[in-house]
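Structure first, commentary second.
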Amino acid sequence: MDSTKIRQSFLDFFRARGHAVVPSSSLIPDDPSVLLTTAGMQQFKKYYTDPAMADRDFNSRNTCSIQKSFRTSDIDEVGDERHLTFFEMMGNFSFGGYFKEDAIRYAHEYLTRVLGLTISYVTVFEGADAIGVPKDEESKKIWRSIDPNISIREEGIDDVFWGPTGTSGPCGPTTEIYCQNGAGQDIEVWNIVFNQYFFPGSREELLSGTSGKNLQPLETPGVDTGMGLERLAMCVQKTKTIFETDLFAPLFGMLPTEMKTGKKRICLDHIRAITFLISDGLRPSNKERDYILRKLIRRVIAIQYLEVRKKVEMRGGPLSDGVNFLQRLLEKTVALYGANYTNLDLAIIKGIFREEDAKFTRILAKGITKLQCLEQIDAKAAFGLYQSGGLPFEAIKDLAPEKTKHLKREDFDLELKKHQEISRAGQERKFGGHGLLLDTGELKAADERELKIVTRLHTATHLLQASLRKVLGPNVRQQGSDITSERTRFDFTFGRKMTPDEIRAVEDYVNDAIRRDCVVEYEEMPYEEAVKTDALRFFREKYPAQVKVYSARDHKTGEILTKEFCGGPHVTHTGEIGRFRIAKEESSAAGIRRIRGVVE
């Protein structure tokens, strides 16, 4: 059974058993407690504490999905036989519709009857006095009733007790299912979590037992399961590694035959991740989620650069004679996944990749020259290459494996931390020992005069986004902003250059809102409640549990001109802004435009 049929058989199986099929959510989660979507459960987290919402949203308390997922913790491990950053998580979920009996029976039936697999063994929770949870005798009895001869292993809290996703959430004991791959190895294919509790803290706090917080029984227990498609395909297709399944084999053959296997696996994993991260709105930069994307792109560019260089050195000729296999991998990845994920736009993906490729290839050429002058590369030397030559840690390791044998990530990070502390101290001296009066990352002001200007520009930026959506359409989405006392810079999704008439219309809308002297006010509320108000929010932002929703309201008509998640600062009336003018409209990246605006 190929991966397409596995996907369909899974969804068909649970649809036939009363589950609503829910599309994958974005890799950029609504949950502010996590950087990226790491599991299928994340988009359903709120339904475990409020099951009635599932009735309203899905017309069912049982759902299933195949979720795009990304785990940053595995980036440095990619290259071996099993680690991935991007993967697809198949899961079935219940918010009070059923519990252990049905969950275990469904899993057994799907694996053994639909896929024809043999279960090697299952695990159940052995109990933990430290958190006050007893042994899971119920799951053990259910497994025995289905198959009296099944092998059952009892394991501890580190393995078979699922903690909260993020900073708090539902959690409970699990039962894992192991099957054999083509090499005869037993691998975990399915983890069934029985959400019986809510913990007001992280998994780390729960396991440490030092937080003073207690597990709280959920009023309505639920089920959360996860089964990695890549691992399952390995068992169904009887391959020795995930890279031999039909999810990777067509891509594997497109790489240079002489390339080392580990490097091939890195390229295949990272290219898949890059494709999906770009498609869900990330753009390479040095900030949080965007930095992860840039890190992946630059790593594969460094690998390709080396492979091309080797070929050129062997046969002579300029470096430009090399083959761009990464672009071909992007094309093939979109072809393989396009039917299941319709938001994969090859033109945008390739455009953004090409821009970063051109930029980083120039950096690489200079960095390699410096790197070649060094006999050994320790953490200090590696950081010097990073700071002066722009070479990230992974590229340095890949470019000079012999010289970096003893170079460790933690030592490099320590050098980075030292540099950041020195930079902060320097910034404080620059501003009279007090630092910036305001520096939120988005807004920067050195003194009271600049603070007043950026406050006016900040409110104007809210009106600008509302205006762009009014003039260009609701698909316009913020992709980043940067505000200083000189200007606001606002990036947004749009596929072409704006016309002079469109620019004029946007300016007019903003200035009309200023002329109407709208009241600018905010309401503070829980994040989940704020989402329901349909206020605009920056999907790449990590929001706290309590948020402020700012709006500009015409006090005469009651019309709301803009409504957004925001932390401030803002003017109290739009009339304080002054006149707004678009100084420049330009391209920021493929599919992304940039406006620079000023207030006068």
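Eigenvalues of the alpha-carbon gyration tensor of region 94-155, scaled by 5 and square-rooted, set the equivalent ellipsoid semi-axes at 23, 15, 9 angstrom, largest first.
Residues in the chain average 45 Å² of solvent-accessible surface per residue, probe 1.4 Å, ligands and nucleic acids excluded.
With a length cut of 24 Å (Cα positions projected on each helix's long axis) and a Kyte-Doolittle mean of at least 0.0, go through the chain and give me the DSSP H helices that pass.
What comes out of the filter, once short or polar helices are dropped, is 261-279, 346-372.
Inter-part distance, region 106-137 to region 540-586, computed on C-alpha centroids, equals 51 Å.
Each peptide among 214-226, 90-102, 454-466 gets the average number of other Cβ atoms lying within 10 Å of its residues, and from highest to lowest they stand as 454-466, 90-102, 214-226. Available extension along the chain between Ile131 and Ala545 is 146.5 nm, counting 0.36 nm per residue and deducting the alpha carbon span. Comparing Ile349, Ile146, Gln8 along the charge dipole axis of the chain, the residue lying farthest to the positive side is Ile349, per the Cβ-charge model. Taking a ≥ b ≥ c as the square roots of the eigenvalues of the alpha-carbon gyration tensor, region 1-148 is classed rounded because a/c is under 1.5.
Starting from the Cα gyration tensor of region 56-118, multiply each eigenvalue by 5, take the square root, and state the resulting semi-axes largest first in whole Å.
Working from the Cα gyration tensor, I get semi-axes of 28, 19, 9 Å.
In percent, rounded to a whole number, the relative contact order of the chain is 10, using alpha-carbon pairs under 8 Å and six or more apart.
When a 1.4 Å probe is rolled over the protein heavy atoms, the share of accessible surface on region 23-76 that falls to carbon and sulfur comes to 45 percent.
Ranked highest first by average number of other Cβ atoms within 10 Å, how do 139-152, 503-516, 371-384 line up?
Result, highest mean Cβ count within 10 Å first: 503-516, 371-384, 139-152.
How big is D for region 208-290, in µm² s⁻¹ as a whole number, if Stokes-Einstein is applied with the Kirkwood radius of its Cα pairs at 20 °C and 1.002 mPa s?
Details: Rh = 16.8 Å.
Using the Kirkwood radius from Cα pairs, D works out to 127 µm²/s.
Share of pairwise Cα-Cα distances greater than 37 Å in the chain is 44 percent (whole percent). Cross-link partners of Lys263 among aspartates and glutamates, defined as those whose alpha carbon lies under 14 angstrom from its own and excluding same-chain residues fewer than eight positions apart: Asp76, Glu77, Asp80, Glu81, Glu307, Glu394, Asp398. Taking a ≥ b ≥ c as the square roots of the eigenvalues of the Cα gyration tensor of region 1-52, is the shape rounded (a/c under 1.5), prolate (a/b larger than b/c) or oblate? It comes out oblate by the Cα gyration axes. The alpha carbons of region 112-213 occupy a box of 45, 26, 20 Å along the principal axes, longest dimension given first.
The values are calculated or read from the model by the stated rules, or taken from the named source; none is laboratory data. This structure is a prediction, so every number in the text was calculated from the model and none was measured. No Cβ is skipped: glycine too gets one built from the backbone with ideal geometry, and neighbour counts run over all protein chains shown. Accessible surface is based on the protein model in full, side chains and every heavy atom, while ligands, DNA and RNA are left aside. Shrake-Rupley method; radii C 1.70, N 1.55, O 1.52, S 1.80 Å.
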